[in-house]
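A.B. asks: The structure that follows is given in the form of structure tokens.
Just so it is clear, none of the values below were taken in a lab; they were calculated from the coordinates. Values in this document were obtained by computation on a predicted structure and should not be read as measured data. For neighbour counting, all protein chains shown are included, and Cβ atoms are generated from backbone atoms with ideal geometry for every residue, glycine included.
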Amino acid sequence: MNSDSDLQIAGDILEVPHLLQPPREHPATVAEFAGLARSIAADRSQWEHLVRYDATSRWYHRLRTGPCYEVWLLSWVAGQGSGLHGHGGSSGVLTVLHGALTERTERGTRALSAGAQRVFAPGYVHEVVNDALEPAVSLHIYFPGLTEMPMLPESRLRAAGAAGEIAGVTGAAETRVSACAAEHGPVDTVTG
């Protein structure tokens, strides 16, 4: 039998393990951080037993840290929100694990249901709110780890602009990302 399939020509790549790249111990690109978030989301045993709901304030728990990143678990009861804020020099991945959240930016409002994922660069400005009646749980990965979360007045939502600039953050962000990359390798980020 004559076949031109890649499998027939090259063979099964799993048969030649020396051709496979070893998995990284820690994520280093935006895609790998998003993949880490999906992996944690899929394995409820890593986070479900930790979740607490607090009617007086948002509950949060640092789930994991690694070189130049940290993973946070947050819960939101009906009506709780983050307030309009930035993330200093950190990029991030937000993943809704349970329930639904609303994200507000200068570009508009976006409904985020369980499984939804948002990726953002340093200086990104948004507000996250649980507008639903049911509680919600979300996972947040920040790289480099979050050291500041500047709060902004609601009137700044439009003033923040498409670039999401926050005065005084850009230089510090570049320094932190460069230092992290020098020590642990580059961290791929996206803008907007």
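A.B. asks: For the pair ARG38 and ALA55, how long in nm is the line joining their label points, each one 7 Å along Cα→Cβ?
C.D. replies: Reported label-point gap for ARG38 and ALA55 is 3.9 nm.
A.B. asks: Same structure again: By average Cβ neighbour count within 10 Å, what is the ranking of 79-87, 106-114 from highest down?
C.D. replies: Final packing ranking: 79-87, 106-114.
A.B. asks: Can you pull the one-decimal nm distance between simple spin-label points at ALA116 and GLU148, each 7 Å off the Cα toward Cβ?
C.D. replies: Roughly 2.9 nm, to one decimal.
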